[in-house]
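First the structure, in the form of structure tokens, and then the observations on it.
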Amino acid sequence: MDEQEKVRYRKQLGLYVNWPLILSLLLVIMAVIVIIIDLKAGIVAFIFTGIYLAIAVSIKLANKRVIMNDMINFATRYGQVQKHILKGLALPYAILDENGRFVWTNMEFSEMIGKGSLFGKSVTSFIPTLTKDKLPTDEGIVKLDLTLNDRDFRADMRMIPLEDMARESAIVASDQFSGELITLFLFDETEVNRYIRLNEQQKLVSGYIYMDNYDEAMENVEEVRRSLLSALIDRKIKKYFSGYDAVVKNIEKDKYFVTMKKESFDRMLETRCDILDEVKTVKIGNEMSVTLSMGFGFGTESLIEDGQYARSAIDLALGRGGDQTVVKTPEKTTYYGGKSQQIEKSTRVKARVKAHALREIIESKERVFVMGHKITDIDTFGAAIGIYRATKQMERKCHIVINDVTVSIRPFLDSFVNNSEYEPDMFVSSSEALQLSDSASALVVVDTNKPSLTECPDLLVKCKTIVVLDHHRQGSETIENATLSYIEPYASSACEMVTEILQYISDDNIRVRGIEADSLYAGMMIDTNNFLTKTGVRTFEAAAFLRRNGADITRVRKLFRNEFADYKARAEAVRQAELFLGRYAISVCPNEGLDSPTVVGAQAANELLNINAVKASFVLTDYQGRIYISARSIDEINVQIIMERLGGGGHMNIAGAQLSDVSIDEAKQILEDTIRKMEEEGEFK
């Protein structure tokens with residue numbers, strides 16, 4: 001009730017009580033007129049007017065007490081009715097003071113709590129989650145979900161200042177009251193939440209199952225046993241999913257479509273998709289184990305979108321090397337498995353197809369840009385040089401984007417910069433590339449598939465034709481709308497992939513110059529640790545092609561020699577290494593006086609693997625305001641999934657990550673906590 005309404009009601013009540021007195025004015029006026037006409041008659045009129053006024057005043061005083069009593073009785077009875085209604089309200093309702101102590105509760109609330117009188121007791125004593133800091137501090141409604149007696153409730157709380165309550169009264173002054181009361185309603189949502197959970201559990205999850213190496217495995221089995229091997233794998237897959245009430249349908253000889261309830265899917269994830277390991281146990285004379293890739297999608301508004309997410313998930317699983325499960329939802333992408341080494345495919349058909357597609361793209365453009373990841377290493381540099389040679393073979397303009405020249409690539413870059421056979425604008429910075437490029441230019445990204453890690457992310461927006469060539473596993477962040485994407489995790493290096501492309505990109509035999517072959521060969525040497533890790537038949541075939549084109553091992557070795565300060569820093573990083581959990585070597589690489597401390601850190605991580613007890617090594621380097629982690633292993637630990645937990649990536653044996661806004665000690669603690677947690681989760685079993 002506002003102030004104007006109160007005034008109006010007061011005026012109406014006053015008019016009702018005082019109307020006899022108001023009408024007495026007419027008698028007074030009449031008596032005055034009569035006394036003017038006749039004095040005796042006027043005196044009589046005044047006497048009767050006085051008697052009337054006395055009676056009217058007496059009646060007013062007597063009736064005022066009766067009227068006020070009746071109004072108070074009515075208000076009291078009305079308040080009792082309201083109180084009775086609230087007392088018997090089916091919803092639990094309570095009034096608290098500003099400190100969270102009960103002032104009043106209805107019967108439903110008292111019965112729910114199981115106590116008779118709650119006056120003066122703290123609400124936290126009966127509802128522990130409803131602490132004082134969660135009580136409302138203004139007049140807005142505060143909603144809170146809580147559990148009480150194994151039932152779910154939604155608490156609606158509102159603060160009501162006592163001044164506002166007093167202001168509603170026409171009798172009591174509002175300045176006599178201060179403080180607040182809090183109203184508390186509890187809405188039972190147990191059944192609603194149960195149906196929500198039931199609905200969520202009954203939703204369908206779509207997925208695809210692919211055999212990664214079906215053709216390769218069959219080639220190693222006698223022809224009479226091939227159908228038996230295929231039948232055994234098919235039976236194991238269908239039997240496994242039947243245990244989760246799933247429907248599995250063959251769509252090709254090595255591909256399946258599966259659909260299942262979300263409840264069953266969650267149970268399957270609790271086992272970390274152990275079908276991946278079970279299939280590998282199928283042996284009937286096949287030397288090569290069959291591995292599976294699975295992709296699932298759910299959480300969208302329609303089954304069609306779920307299917308699209310599942311398709312994207314299986315592509316991601318294959319792009320990461322297979323032998324793993326990828327679960328994709330609108331909120332996040334989760335990975336399971338992926339612990340085994342990728343199997344190199346002996347066929348080069350895919351490389352030839354990609355090479356022809358790349359040639360068509362280059363021939364359709366007048367200008368091509370090549371860039372890799374930030375802090376360019378020799379693998380990125382060598383791959384960029386290979387693309388440069390392919391572009392020049394087709395007589396097109398080519399620019400390589402490099403911002404910071406590290407000590408590892410400076411000797412190789414100088415051999416091109418000081419060479420009159422190469423254009424002065426062969427190497428450009430990001431700003432120069434943005435000025436030279438337009439929507440008609442082509443961009444080739446090598447040695448990375450994450451847009452945030454590229455030398456110039458803005459160039460990805462400006463160039464409409466994008467080619468991605470990379471040997472790292474794909475993650476959640478990928479370069480979108482790529483015209484051509486060639487990602488092979490089994491490849492040893494980007495230089496190996498580019499070397500294969502060079503052999504097929506031109507109808508004429510392409511001639512790679514000596515210093516170009518040196519750069520490609522050096523990139524392969526670094527990423528394979530001098531051909532000790534991640535090497536396959538195709539790696540050595542690519543190296544042989546470069547040797548035939550003039551790659552000089554002695555010249556490359558000289559270019560790889562370290563500065564004295566770099567060698568001392570690497571030795572210091574090895575000396576300070578600590579063994580964590582008995583098998584993880586963790587160290588910090590000093591950065592003072594080093595041009596490229598991250599390269600030295602990577603070298604130190606490789607050195608630590610020569611220690612007998614070390615299963616994986618991690619070297620942290622503070623450089624340009626970030627902490628860089630170089631991770632290495634031989635075969636027992638997948639360092640790539642560790643680095644993915646930290647926002648990085650890479651390969652099973654070679655990976656890395658970057659941490660921002662943390663100190664070197666904090667980064668070390670984060671790394672140790674991550675490894676410990678993954679150990680507890682059984683990620684490395």
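Being basic (K, R), crowded, with 22+ Cβ neighbours inside 10 Å and not assigned by TED's automatic domain parsing to the domain that holds E644 is not true of K450. Answer yes if at least one residue in region 262-280 is within 30 Å of F153 (Cα to Cα) and of a type in the set (F, W, Y), and no otherwise. So far as region 262-280 goes, yes, one or more of its residues are within 30 Å of F153 (Cα to Cα) and of a type in the set (F, W, Y). The residue of region 453-480 that is surrounded by the fewest Cβ atoms within 10 Å (Cβ to Cβ), among those that are polar (S, T, N, Q) and at pLDDT below 90, is S476. Looking at region 578-599, is at least one residue in contact with a Ser or Thr (Cβ under 8 Å, 6 or more places away or on another chain), without any contact (Cβ under 8 Å) to a residue 12 or more places away in the chain, within 22 Å of N638 (Cβ to Cβ) and not assigned by TED's automatic domain parsing to the domain that holds H373? Looking through region 578-599, at least one residue is in contact with a Ser or Thr (Cβ under 8 Å, 6 or more places away or on another chain), without any contact (Cβ under 8 Å) to a residue 12 or more places away in the chain, within 22 Å of N638 (Cβ to Cβ) and not assigned by TED's automatic domain parsing to the domain that holds H373.
To keep it simple, each residue is scored yes or no on (1) out of contact with any helix residue (DSSP H, G or I) (no Cβ under 9 Å at 6 or more places or on another chain); (2) in the same structural domain as S476 (by TED's automatic domain parsing); (3) modelled with pLDDT of 85 or more.
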site: S302; (1), (2), (3): yes, no, yes
site: D306; (1), (2), (3): yes, no, yes
site: S312; (1), (2), (3): yes, no, yes
site: L316; (1), (2), (3): yes, no, no
site: G319; (1), (2), (3): yes, no, no
site: G322; (1), (2), (3): yes, no, no
site: T325; (1), (2), (3): no, no, yes
site: T329; (1), (2), (3): no, no, yes
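Only residues that are of a type outside the set (A, V, I, L, M, F, W, C), modelled with pLDDT of 90 or more and under 18 Å from E496 (Cβ atoms) were counted across region 374-427, and they come to 6. In region 46-53 there is at least one residue that is aliphatic (A, V, I, L, M), in a helix (DSSP H, G or I), loosely packed, with under 13 Cβ neighbours inside 10 Å and at pLDDT 80 or above. For region 376-407, filtering for residues that are part of a loop (DSSP other than H, G, I, E, B), in contact (Cβ under 8 Å) with a residue 12 or more places away in the chain and either in contact with an Asp or Glu (Cβ under 6 Å, 6 or more places away or on another chain) or surrounded by fewer than 21 Cβ atoms within 10 Å (Cβ to Cβ) (or both) leaves 7. Of the candidates V619, V614, V662, the single residue that is at pLDDT 90 or above, of a type in the set (A, V, I, L, M, F, W, C), in a loop (DSSP other than H, G, I, E, B) and crowded, with 19+ Cβ neighbours inside 10 Å is V614. The condition (being in contact with an Asp or Glu (Cβ under 9 Å, 6 or more places away or on another chain), surrounded by 14 or more Cβ atoms within 10 Å (Cβ to Cβ), of a type in the set (G, A, S) and outside the structural domain of T105 (by TED's automatic domain parsing)) is satisfied by just one residue among A246, A217: A217.
Going through region 432-471 one residue at a time, which ones are farther than 19 Å from I375 by Cβ and part of a loop (DSSP other than H, G, I, E, B)? The answer is S437, D438, S439, A440, S441, C463, K464. Checked against (1) surrounded by fewer than 13 Cβ atoms within 10 Å (Cβ to Cβ); (2) in contact (Cβ under 8 Å) with a residue 60 or more places away in the chain, M211 meets all criteria but (1). G550 fails exactly one of the following numbered conditions: (1) touching a helix residue (DSSP H, G or I) at 6+ places or on another chain (Cβ under 8 Å); (2) surrounded by 20 or more Cβ atoms within 10 Å (Cβ to Cβ); (3) modelled with pLDDT under 90. What is the number of that condition? (2) is the only condition that G550 fails.
For region 489-499, filtering for residues that are surrounded by fewer than 23 Cβ atoms within 10 Å (Cβ to Cβ) and at pLDDT 85 or above leaves 0.
If I filter region 203-213 for residues that are within 31 Å of the chain's Cα centre (by Cα) and small (G, A, S), do I get at least one hit? Yes, region 203-213 contains a residue that is within 31 Å of the chain's Cα centre (by Cα) and small (G, A, S).
One line per residue, one yes/no per condition, for (1) aliphatic (A, V, I, L, M); (2) in contact with a Leu (Cβ under 9 Å, 6 or more places away or on another chain); (3) part of a strand (DSSP E or B); (4) in contact (Cβ under 8 Å) with a residue 24 or more places away in the chain:
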{"position": "L229", "(1), (2), (3), (4)": "yes, no, no, yes"}
{"position": "I237", "(1), (2), (3), (4)": "yes, yes, no, yes"}
{"position": "D245", "(1), (2), (3), (4)": "no, no, no, no"}
{"position": "K249", "(1), (2), (3), (4)": "no, no, yes, no"}
{"position": "V258", "(1), (2), (3), (4)": "yes, no, yes, yes"}
{"position": "R272", "(1), (2), (3), (4)": "no, no, no, yes"}
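The values are calculated or read from the model by the stated rules, or taken from the named source; none is laboratory data. None of the values given here were measured: they were computed from a predicted structure. Virtual Cβ from ideal backbone geometry, glycine too; neighbours counted across all protein chains shown.
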